[in-house]
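The values are calculated or read from the model by the stated rules, or taken from the named source; none is laboratory data. These numbers come from a predicted model, not from an experiment. Glycine gets a Cβ as well: all are built from the backbone with ideal geometry, and neighbour counts include every protein chain shown.
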Amino acid sequence: MRATPSRRWAATTYVTACAAFAGALGVLAAQVQAGNDPVIGASAAPPTATRPKIVVTRKIVRTTVVTTRVIRKPKPVAVAPAPAGQGYVAAAQSTVAAPAVSSAPAAAAPAPVASAPAPAPAPAAPVTRAS
């Protein structure tokens, strides 16, 4: 099958356009390489000293607080038995125990622990319409 004149014309136009583009690109590349770039201007002097790179280091400190709860059971207080014959009043008075007095210094109470906030309420169900 022979090429029609319109196909030959299209191929010639395509090859000519590619050659013109390559030629223009070559001319511009030669100008940039020579230092005559019209956009940048005259070739700038190369930098004399390079700036040192700035290295930023950051130290990450992670603090973990461990809290423990110490539960102390109260010591039982010994109660003397009521004397015989004193009746109900003596028995009631003897069952009331006075706090134990110690000569040792009192231990510091543990700091109260803040409780977690209440959880957020559940989102409302979407409203839909049945047709």
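Structure notes:
- In segment 60-81, the residues that are at positive phi and loosely packed, with under 10 Cβ neighbours inside 10 Å never reach a residue that is among the hydroxyl-bearing types (Ser, Thr, Tyr) and part of a loop (DSSP other than H, G, I, E, B) with C-beta atoms less than 8 angstrom apart, at least six apart or across chains.
- Answer from Thr128, Thr63 - the residue that is assigned to a loop (DSSP other than H, G, I, E, B), over 30 Å from Leu28 (Cα atoms) and modelled with pLDDT under 80: Thr128
- Qualifying residue in segment 37-50 (condition: in a helix (DSSP H, G or I), at pLDDT below 75 and either loosely packed, with under 10 Cβ neighbours inside 10 Å or of a type outside the set (S, T, N, Q) (or both)): no
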